[in-house]
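Q: Below is a structure I'd like to ask you about.
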Amino acid sequence: LKLTSNLEGANYNLFLARKGGPDARFFIVPWDYDMTFHKQDVPSNALVERLHRDLPGYSRRVLERWQALLSASSLPSSLGDRLSEKGLMARVDALEVELAEAAGRNYRRWPNTPGETWQGKVQELRAYIVERLQLLDAHFATLEKR
């Protein structure tokens, strides 16, 4: 949610879920990503703020998880460097190829804004990712002080 700046995802459009079993942990499943990729502050909500405030070690664990997601060497090979700039750009490359034909159909059906192109939108996404990762690095660095 923080990477994509999903404006509705912090408080709406998510499921709280867990697998079966007495030791199962809860996790969040976000959905509905039409309000994303905004260049705004890092979204939060009362639950997240309460966890940081009331759960000892939570802020440290969040920071450690963020750092792990940026580093391929600290994750199982199936996850790779999922949130590193390199990993995200590789995913954008793959999706750009996969969606090119569908993007053409989309723009034929719903013409784009004058001057807007599929390639331009992909470049905007790439620039957003670089900028957003820097913003999140700064945000998560503040967790060390909590």
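The values are calculated or read from the model by the stated rules, or taken from the named source; none is laboratory data. Just so we're clear, the structure is a prediction, and the values are computed from it rather than from any experiment. All Cβ positions, glycine included, derive from the backbone under ideal geometry; neighbour counts span all protein chains shown. Accessible surface areas use protein heavy atoms only, side chains included; no ligands, DNA or RNA. Shrake-Rupley method; radii C 1.70, N 1.55, O 1.52, S 1.80 Å.
Q: Helix 118-141 sits at what angle to the longest principal axis of the chain, using alpha carbons and giving 0 to 90 degrees rounded to 10?
A: The angle comes out at about 20 degrees.
Q: Could you work out the relative contact order of the chain? I mean the mean sequence separation of Cα pairs under 8 Å and 6+ apart, divided by the number of residues, in percent.
A: 24
Q: At 7 Å along Cα-to-Cβ for each site, give me the label-to-label distance between Tyr58 and Glu131 in nm.
A: 3.1
Q: To the nearest 20 Debye, how big is the dipole of the chain about its Cα centre, given +1 on the beta carbon of each Lys and Arg and -1 on that of each Asp and Glu?
A: Numbers: 21 positive and 19 negative charges, 77 e Å.
Taking the Cα centre of the chain as origin, the dipole is about 380 debye.
Q: Report the percentage of all Cα-Cα pairs in the chain whose separation exceeds 26 Å, rounded to a whole percent. Please list the in-between numbers first.
A: Details: 3800 of 10585 pairs.
I get 36 percent for the Cα pairs in the chain exceeding 26 Å.
Q: Give me the net charge for the shell around Gln134: Cβ to Cβ below 15 angstrom, other residues only, Lys and Arg +1, Asp and Glu -1.
A: Values: positive: Lys2, Lys39, Lys86, Arg126, Arg132; negative: Asp41, Glu85, Glu131, Asp137.
Around Gln134, the charge tally is +1.
Q: Which Cα, out of Asn112, Gln40, Ala68, lies furthest along the positive dipole direction of the chain (beta carbon charges, K/R +1, D/E -1)?
A: Ala68
Q: What number comes out for accessible area per residue over segment 1-105 if the probe is 1.4 Å? Units Å², please.
A: That works out to 70 Å² for each residue.
Q: Ignoring ligands, DNA and RNA, please state the percent of accessible area on segment 85-125 from carbon and sulfur, probe 1.4 Å.
A: Answer for segment 85-125: carbon and sulfur cover 56 percent of the accessible area.
Q: Express in nm, to one decimal, how much length is gained between Tyr33 and Ala90 on full extension, taking 0.36 nm for each residue of separation and deducting their alpha carbon distance.
A: Numbers: separation 57, 0.36 × 57 = 20.52 nm, distance 2.05 nm.
Gain on extension, Tyr33 to Ala90, equals 18.5 nm.
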